[in-house]
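The values are calculated or read from the model by the stated rules, or taken from the named source; none is laboratory data. Worth saying up front: this structure is predicted, and the values here are computed from it rather than measured. Using ideal geometry, Cβ is built from the backbone for each residue, glycine included, and neighbour counts are taken over all protein chains shown. Protein only, heavy atoms only, side chains kept; ligands, DNA and RNA dropped before computing areas. Shrake-Rupley method; radii C 1.70, N 1.55, O 1.52, S 1.80 Å.
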Amino acid sequence: MKLASLKSGRDGRLVVVSSDLAWYATAEAIAPTLQAALDDWERCEPLLRGLAESLENGSVPRERFHEHDAASPLPRAYQWADGSAYVNHVALVRQARAAEMPASFWTDPLMYQGGSDGFLGPRDPIPLNDEAWGCDLEGEIAVITGDVPLGAGRDEALAAIRLVMLVNDVSLRNLIPGELSKGFGFFQAKPASAFSPVAVTPSALGERWKDGKLHGALEVELNGKSFGQADAGVDMTFDFGTLIAHAAKTRALGAGTIIGSGTVSNRDSDGGPGKPISQGGLGYSCIAEVRTVETLLAGEAKTPFLTHGDTVRIEMRDEKRHSIFGAIEQQVAVPGQ
């Protein structure tokens with residue numbers, strides 16, 4: 001089952017989307033918003049699933065689904081917590097900053113609390129006031145949970161996953177060192193993120209959803225050119241069950257909590273840093289990583305961060321090259337223009 005929120009008010013209008021992303025049927029008679037459906041999932045899920053089946057059979061009124069009309073599946077959320085499940089990425093970025101990599105990073109997930117009071121739509125511009133801030137894309141996977149009790153274990157956490165989606169977790173890299181040096185984490189360096197046009201139930205992902213991980217190439221394009229094709233199911237040190245259980249160690253998580261994977265990152269086949277696609281590698285899911293590799297290999301970073309007018313596209317396709325979640329496609333712009 002695939003769900004989306006068409007732009008309408010602050011919380012969108014819930015619709016069920018066909019598996020090929022061509023059609024939608026309104027779900028307002030079941031729940032007006034995705035958050036309302038998550039709050040009452042036991043009642044709403046079978047009704048939404050039935051509506052999805054009727055949509056596939058063409059037995060309910062339907063309209064064309066246009067990704068440009070979609071907000072992020074949750075246009076705002078009670079909680080957005082982003083992890084760093086791909087420790088390869090963390091190690092590389094810290095190496096470029098000459099920051100020590102604690103051994104605990106391989107056994108205990110990193111996680112930060114992001115801003116969730118408003119997300120960008122998947123086709124909304126990325127607002128950037130100052131190019132000197134070092135704007136970066138971050139291609140990630142995220143899940144939306146139901147209620148997760150305090151102290152939940154991995155299996156209980158996995159069972160609470162309701163939906164899966166893609167993320168562009170925008171980062172302002174040049175603001176990060178100053179914030180971290182204060183010892184109190186990210187804030188200004190993490191503006192609004194954007195999520196894929198549709199969110200998909202784990203069961204609808206078939207074999208791509210396995211062991212708490214989404215498997216498949218996360219395709220990232222920068223200005224129309226292939227930038228990354230890292231497999232989201234490879235080199236993921238902490239699965240989503242582990243990430244959710246980590247978040248729930250000292251607090252219960254409410255329905256509608258979003259948990260992110262952190263930047264998808266693969267090592268090269270020889271175990272070293274990933275190579276650019278032009279050199280036969282799988283590329284990267286963020287600019288900071290390629291800049292790190294450039295620094296390690298050539299002594300300096302050459303790839304610039306995003307500037308006004310740059311375009312980012314993030315997508316995942318099935319075996320027939322059909323889009324699974326729809327595409328995040330955004331252009332960096334001066335706010336208000």
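Shown for the chain: the carbon plus sulfur share of the solvent-accessible area, taken with all protein chains present and a 1.4 angstrom probe, equals 49%.
Put HIS66, HIS308 in order of accessible area, highest first, and with a 1.4 Å probe you get HIS66, HIS308. Gain on full extension, evaluated as 0.36 nm per residue between GLU28 and ASP130 minus their Cα-Cα distance, stands at 32.7 nm. When only alpha carbons of region 168-270 are considered, Rg and Dmax amount to 16.0, 44 Å. Largest first, the extents of the alpha carbon coordinates of the chain on the three principal axes equal 61, 43, 38 Å.
Remark: relative contact order (region 1-121) = 26 percent; criterion is Cα-Cα distance under 8 angstrom and separation of 6 or more residues. The alpha carbon centroids of region 29-84 and region 191-261 are separated by 18 Å. Between ASP318 and LYS182, the contour length at 0.36 nm per residue exceeds the alpha carbon distance by 44.6 nm.
Evaluate the relative contact order of region 90-233 (contact order divided by residue number), counting alpha-carbon pairs under 8 angstrom at least 6 apart; express in whole percent. Computed value for region 90-233: 21 percent relative contact order.
For a paramagnetic label modelled on ASP155 (point 7 Å from Cα along Cα→Cβ), amide N atoms under 15 Å away belong, within region 171-214, to 211-212. The residues of the chain have, on average, 43 Å² of accessible surface per residue, using a 1.4 Å probe with all protein chains present. Were the residues from ILE277 through ASP39 laid out at 0.36 nm apart, the gain over their Cα-Cα distance would be 81.4 nm. Residues SER265, SER19, SER323, sorted by accessible area with the largest first, give SER19, SER323, SER265 [1.4 Å probe; ligands and nucleic acids excluded]. For the chain, the longest principal axis of the alpha carbon atoms and the long axis of helix 287-298 meet at an angle near 20°.
In region 104-175, the inverse of the mean reciprocal separation of distinct Cα atoms equals 15.1 Å; this is its Kirkwood hydrodynamic radius.
The mean sequence distance of close C-alpha pairs (under 8 Å, at least 6 residues apart), as a share of the length of region 257-331, puts its relative contact order at 16 percent. Taking a ≥ b ≥ c as the square roots of the eigenvalues of the alpha-carbon gyration tensor, region 32-178 is classed oblate because a/c is 1.5 or more while a/b is no larger than b/c. Report summary: the helix-based calculation at 222 nm, which adds -39500 (n - 2.57) for every DSSP H run with n ≥ 4 and divides by the residues of the chain, gives -5500 deg cm²/dmol. Over all pairs of different C-alpha atoms, region 1-76 has a mean inverse distance whose reciprocal, the Kirkwood radius, equals 12.1 Å.
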